1. Sort out which residues of segment 165-179 are buried (at least 18 other Cβ atoms within 10 Å of the Cβ) and part of a loop (DSSP other than H, G, I, E, B), and write them in order of number.
2. Restricting the search to segment 87-107, which residues are of a type outside the set (Lys, Arg), within 14 Å of residue 122 (Cα to Cα) and surrounded by fewer than 17 Cβ atoms within 10 Å (Cβ to Cβ)?
3. Being at pLDDT 95 or above and more than 21 Å from residue 49 (Cβ to Cβ) narrows it down to one of 135, 74, 83, so name that one.
4. So, in segment 117-132, how many residues would count as being over 14 Å from residue 48 (Cα atoms), in contact (Cβ under 8 Å) with a residue 24 or more places away in the chain and among the hydroxyl-bearing types (Ser, Thr, Tyr)?
5. How many residues does segment 98-130 hold that are within 18 Å of residue 79 (Cα to Cα) and either out of contact with any strand residue (DSSP E or B) (no Cβ under 9 Å at 6 or more places or on another chain) or not hydroxyl-bearing (Ser, Thr, Tyr) (or both)?
6. Take residue 69 and decide whether it is farther than 15 Å from residue 141 by Cβ and exposed (fewer than 12 other Cβ atoms within 10 Å of the Cβ).
7. Could you go through segment 31-42 and let me know if any residue there is within 30 Å of residue 158 (Cβ to Cβ), surrounded by 10 or more Cβ atoms within 10 Å (Cβ to Cβ) and modelled with pLDDT of 60 or more.
8. Could you grab me the full set of residues in segment 127-150 that are surrounded by fewer than 21 Cβ atoms within 10 Å (Cβ to Cβ) and within 15 Å of residue 165 (Cα to Cα)?
Amino acid sequence: MKSPKSSRTERGITRVEILVVLLLIAVLVLLSTPSMPGGLKNDDRTLALSNMKQLHLATQQLALDGISTGDALPDWTCLKGKPITYDEWRNYLVPNYLSSGDFAKLTSVTEDVFWKSHRDTTNALQVYAVDATDPDTTLLFATKNWHGPSASQLSGQPFGKKCFLVFHKGGDGARLKPEDCQRMDLVGSGGKCNFLPLR
């Protein structure tokens, strides 16, 4: 006659034990994935801010070169007090300051929208008209889901309604929440051209 202990060993793992193990694995996966509410990973935002920084540096160098050489180059994203177009801004930066591939990469955002699933948004940034006389707090870049200070809600890609990113002329970037849409102390000033995006 078999003892109760040996019969328990022979029957194997119970369903409850399997469920407990699966639950523990799920908890560990969730804890190892840095994210904000809504499933937007910190990595997406950090990379987008890094891209903005590179575009800022290239635009700043363009402006400095215009000052040092006396060439007719833009003061940031304005020329002779008037905004240049988005295509003109791109053509000034490519190929002298950025390659065409780098420019395309830096103006795009890839989001992790679900576990191991990605959504690519090209031309994900809005570029604003800024010139040399504008203060450092002037808004230079914002993600396209922010639609200006009059908009109380976020919409569109990248990031949908989860958050938006801004980058100032002075080189400061910020990740902001939906409730910060109209807070100019965080978003920044509109500068001389008052939040006029390059077209």
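The values are calculated or read from the model by the stated rules, or taken from the named source; none is laboratory data. All figures in this text were calculated on a predicted structure; none of them were measured in a lab. Every residue, glycine as well, gets a Cβ built from its backbone with ideal geometry; the counts of neighbours run over all protein chains shown.
1. Result: 169, single match.
2. Just the residues of segment 87-107 that are of a type outside the set (Lys, Arg), to begin with: 87-89, 91-104, 106-107.
Keeping just the survivors that are within 14 Å of residue 122 (Cα to Cα) gives 100-104, 106-107.
100, 101, 104 - these are the residues of segment 87-107 that are of a type outside the set (Lys, Arg), within 14 Å of residue 122 (Cα to Cα) and surrounded by fewer than 17 Cβ atoms within 10 Å (Cβ to Cβ).
3. Details: 135 fails: more than 21 Å from residue 49 (Cβ to Cβ); 74 fails: at pLDDT 95 or above.
Result of the check over 135, 74, 83: 83.
4. Selection size over segment 117-132: 1.
5. As a first pass, look at segment 98-130 and keep what is within 18 Å of residue 79 (Cα to Cα): 127-130.
Those left that are additionally either out of contact with any strand residue (DSSP E or B) (no Cβ under 9 Å at 6 or more places or on another chain) or not hydroxyl-bearing (Ser, Thr, Tyr) (or both): 127, 129-130.
Residues in segment 98-130 being within 18 Å of residue 79 (Cα to Cα) and either out of contact with any strand residue (DSSP E or B) (no Cβ under 9 Å at 6 or more places or on another chain) or not hydroxyl-bearing (Ser, Thr, Tyr) (or both): 3 in total.
6. Details: farther than 15 Å from residue 141 by Cβ: yes; exposed (fewer than 12 other Cβ atoms within 10 Å of the Cβ): yes.
Answer is yes for this residue.
7. yes
8. Our first condition is that a residue be surrounded by fewer than 21 Cβ atoms within 10 Å (Cβ to Cβ); within segment 127-150, this holds for 132-133, 135-137, 144, 147-150.
Residues satisfying the conditions are 137, 144, 147, 148, 149.
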